[in-house]
1. So, in the range 23-56, exactly how many residues are open to solvent by 30 Å² or more (accessible area, probe 1.4 Å) and either within 23 Å of His121 (Cβ to Cβ) or touching a Lys or Arg at 6+ places or on another chain (Cβ under 9 Å) (or both)?
2. What do you reckon, is Asp34 charged (D, E, K, R), out of contact with any helix residue (DSSP H, G or I) (no Cβ under 7 Å at 6 or more places or on another chain) and closer than 22 Å to Ala111 by Cβ?
3. Among Arg91, Arg75, which is the only one that is among the basic types (Lys, Arg), over 15 Å from Phe10 (Cβ atoms) and open to solvent by 60 Å² or more (accessible area, probe 1.4 Å)?
4. Look at the range 23-52 and say how many of its residues are of a type in the set (Ser, Thr, Tyr) and either in a loop (DSSP other than H, G, I, E, B) or farther than 24 Å from Glu113 by Cα (or both).
5. Any residue at all in the range 76-83 that is of a type in the set (Lys, Arg), over 22 Å from His134 (Cα atoms) and either modelled with pLDDT of 95 or more or over 15 Å from the mean Cα position of the chain (by Cα) (or both)?
6. Can you spot a residue in the range 4-22 that is hydroxyl-bearing (Ser, Thr, Tyr), out of contact with any Leu (no Cβ under 8 Å at 6 or more places or on another chain), in a strand (DSSP E or B) and open to solvent by 60 Å² or more (accessible area, probe 1.4 Å)?
7. Can you give me the number of residues within the range 61-75 that are outside any loop (DSSP other than H, G, I, E, B) and either farther than 13 Å from Pro19 by Cβ or touching an Asp or Glu at 6+ places or on another chain (Cβ under 7 Å) (or both)?
8. Restricting to the range 131-147, count the residues that are open to solvent by 40 Å² or more (accessible area, probe 1.4 Å) and under 17 Å from Ala115 (Cβ atoms).
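The values are calculated or read from the model by the stated rules, or taken from the named source; none is laboratory data. Model, not experiment: these values are computed from the prediction. Using ideal geometry, Cβ is built from the backbone for each residue, glycine included, and neighbour counts are taken over all protein chains shown. Side chains are part of the model used for accessible areas, which takes the heavy atoms of the whole protein and leaves out ligands, DNA and RNA. Shrake-Rupley method; radii C 1.70, N 1.55, O 1.52, S 1.80 Å.
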Amino acid sequence: MPTTTGPLPFTTPRLDALPLDPAYAEEMAAVLADPALYAFTGGGPPDPATLRSRYERQSTGSPDPAELWWNWVLRVRADGRLAGYVQATVRCPRAEIAWVVGTPWQGRGYASEAAKGLAAHLTSAGGVRTLVAHVHPDHAASEAVASAAGLAPTGEWEDGERRWTGNPPVPGAR
């Protein structure tokens, strides 16, 4: 387990996952501006000030010392633009993960790549052994991302979403 409560950056073949910083709020507000992104989760696009305030709260971390809030923005290396985010609520050895990729970047495999990279990162850098995600049953794209990250659906439900879970391989284990 890292000695810091903040997330460490990680990379995938096409993405840089950068620890969340309030300075990303303006660009991320544009990334998250399409109301269609909220069809399964509810709510709507945040304005830059609201997002900055949220990022400030998230960056300070959980008030529970046994829980870590790790959040990253996703930068597409080819053009340097932010395209979405991944996040993990870590209570070792378990982490609940989530992902969002902005509409203009969807359909390119970025969400699956980011979720797989997040799973590998949490396992190697965060001591995580079990991953959990909650996916709306009508959201086929998110189901595909969860599957790509090594998760499988369970019979458990929470707030209308199916729980997916998996145990990523431990780095160096045979």
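1. Looking only at that region, the number is 5.
2. Answer is no for this residue.
3. Testing whether each residue is among the basic types (Lys, Arg), over 15 Å from Phe10 (Cβ atoms) and open to solvent by 60 Å² or more (accessible area, probe 1.4 Å) leaves just Arg91.
4. 2
5. So far as the range 76-83 goes, yes, one or more of its residues are of a type in the set (Lys, Arg), over 22 Å from His134 (Cα atoms) and either modelled with pLDDT of 95 or more or over 15 Å from the mean Cα position of the chain (by Cα) (or both).
6. Yes, because at least one residue in the range 4-22 is hydroxyl-bearing (Ser, Thr, Tyr), out of contact with any Leu (no Cβ under 8 Å at 6 or more places or on another chain), in a strand (DSSP E or B) and open to solvent by 60 Å² or more (accessible area, probe 1.4 Å).
7. Here the count works out to 1.
8. Of the residues in the range 131-147, 8 are open to solvent by 40 Å² or more (accessible area, probe 1.4 Å) and under 17 Å from Ala115 (Cβ atoms).
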